[in-house]
Amino acid sequence: MELNLIGRVAVVTGASKGIGLAVTHTLLAEGARVVAVSRTAGDLAGLAGDLRHVALDLMDPAAPERAIEAAVDAFGGVDVVVNNAGGPPPGIRLPRGSFLDAADADWQAMVEFNLFSVVRLVRAAIPHLLARGGGSIVNVATTLARQPAPMSADYGAVKAAVLNLSKVLSEEFGGQGIRVNTVSPGAVRTPWWTDAGGAADRIADMAGSDRDTVLTTLAPRMMNMVTGRLVEPREVADVVAFLASPLSASTTGAEFVVDGGFLKSL
Ligand SMILES: NC(=O)c1ccc[n+]([C@@H]2O[C@H](COP(=O)([O-])OP(=O)(O)OC[C@H]3O[C@@H](n4cnc5c(N)ncnc54)[C@H](OP(=O)(O)O)[C@@H]3O)[C@@H](O)[C@H]2O)c1
């Protein structure tokens, strides 16, 4: 399917690995020009296409505006914003054991990384999207926003706010050509899960198992995933790319779930 993304300018956060890397890869393959935002370049060096990496820490309130400025400087404007960066803020590991394990500072860091970085990037991008007659914003949330989990109470609550915000933005700016949608992944096989000390190791410690067993068997079973396996990052990226594309011109204020059948509610 031709997504009509050739030459469009996309800003993707959390782009150096995991879902953001897959999104960047897919958008570049579709001919988009991409400004990739993350602290390190990670695996971006292996990608072909019109790509600029901007090294920014999204815990810095000034970073989102710099990301948009970088896109305008490099490519003359912005058409697509993918707020993908999120998950555990620097220094925090998820899942936790309990709600009681998160202090105020942990909650504040969670809000800063998962909500304020989105708020600030959208605020900086909107004038530029409007200048091009509109565009597409895709925010990455999580199924835990709908299926609350005590082991990640702060994370789920903040991502629920992202869902709410996405809908509000779609209402306010839809008439001016800006579409805003959310993609909610379930458990995705990214470094968040696979890295040493990552989610798989934490679950392995709690369950008396090992990383590989958690990734291949235990996590899909614990989460009752219909497909019986974790989601691959490119499977999330394909949905993001569709929402970035003008092919989804009548889709706004929507949430797309990519979770291997984890959510059971209608
Ligand atoms: N993986 C899952 O199972 C899952 C499930 C549901 C939702 N999600 C959501 O999907 C999104 C991506 O998750 P992922 O699993 O792909 O994450 P990941 O593998 O941990 O990658 C995180 C990305 O964010 C960047 N990043 C981290 N801290 C940053 C900071 N302070 N400033 C700028 N960039 C930063 C990292 O690059 P640097 O380290 O180079 O900065 C990396 O590119 C998140 O919003 C997450 O909540 C993931």
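Considering Val226, Val257, the condition of being in contact (Cβ under 8 Å) with a residue 24 or more places away in the chain, within 11 Å of the ligand (Cβ to nearest atom), open to solvent by 60 Å² or more (accessible area, probe 1.4 Å) and not charged (D, E, K, R) is satisfied by Val257 alone. Test Val119 against the criterion of being assigned by TED's automatic domain parsing to the domain that holds Gly253, in contact with a strand residue (DSSP E or B) (Cβ under 7 Å, 6 or more places away or on another chain) and in a helix (DSSP H, G or I), and give yes or no. It is false that Val119 is assigned by TED's automatic domain parsing to the domain that holds Gly253, in contact with a strand residue (DSSP E or B) (Cβ under 7 Å, 6 or more places away or on another chain) and in a helix (DSSP H, G or I). Just one of the numbered conditions (1) open to solvent by 70 Å² or more (accessible area, probe 1.4 Å); (2) under 30 Å from Ala153 (Cα atoms) is not true of Asp43: (2).
In this structure, is Ser209 in contact with a Leu (Cβ under 7 Å, 6 or more places away or on another chain) and open to solvent by 10 Å² or more (accessible area, probe 1.4 Å)? Against the criterion (in contact with a Leu (Cβ under 7 Å, 6 or more places away or on another chain) and open to solvent by 10 Å² or more (accessible area, probe 1.4 Å)), Ser209 qualifies. Of all residues in region 128-158, those being part of a helix (DSSP H, G or I), open to solvent by less than 40 Å² (accessible area, probe 1.4 Å) and closer than 20 Å to Val11 by Cα number 1. Scanning region 23-78 for residues that are among the basic types (Lys, Arg) and within 13 Å of the ligand (Cβ to nearest atom) gives Arg39, Arg66. Please indicate, with yes or no, whether at least one residue in region 166-183 is within 15 Å of the ligand (Cβ to nearest atom), part of a helix (DSSP H, G or I) and among the aliphatic types (A, V, I, L, M). No, region 166-183 contains no residue that is within 15 Å of the ligand (Cβ to nearest atom), part of a helix (DSSP H, G or I) and among the aliphatic types (A, V, I, L, M). Picking from residues in region 3-22 that are under 21 Å from Ala249 (Cα atoms) and in contact (Cβ under 8 Å) with a residue 60 or more places away in the chain, the one that is farthest from the ligand (Cβ to nearest atom) is Asn4.
Evaluated against (1) at pLDDT 95 or above; (2) more than 10 Å from the ligand (Cβ to nearest atom); (3) surrounded by fewer than 21 Cβ atoms within 10 Å (Cβ to Cβ), Glu112 falls short on exactly one condition, (2). Evaluate the following for Ser117: is it among the hydroxyl-bearing types (Ser, Thr, Tyr), under 20 Å from Val183 (Cα atoms) and away from the ligand (no atom under 14 Å from the Cβ)? So Ser117 fails the test. Being within 10 Å of the ligand (Cβ to nearest atom), buried (at least 23 other Cβ atoms within 10 Å of the Cβ) and of a type in the set (Val, Ile, Thr) is a property that does not hold for Val214.
The values are calculated or read from the model by the stated rules, or taken from the named source; none is laboratory data. From a predicted model like this one, the values you see are computed outputs, not experimental measurements. Note: ideal-geometry Cβ built from the backbone for every residue, glycine included; neighbour counts use all protein chains shown. For the accessible areas, the whole protein counts, side chains as well, though only heavy atoms, and no ligand, DNA or RNA atoms are used. Shrake-Rupley method; radii C 1.70, N 1.55, O 1.52, S 1.80 Å.
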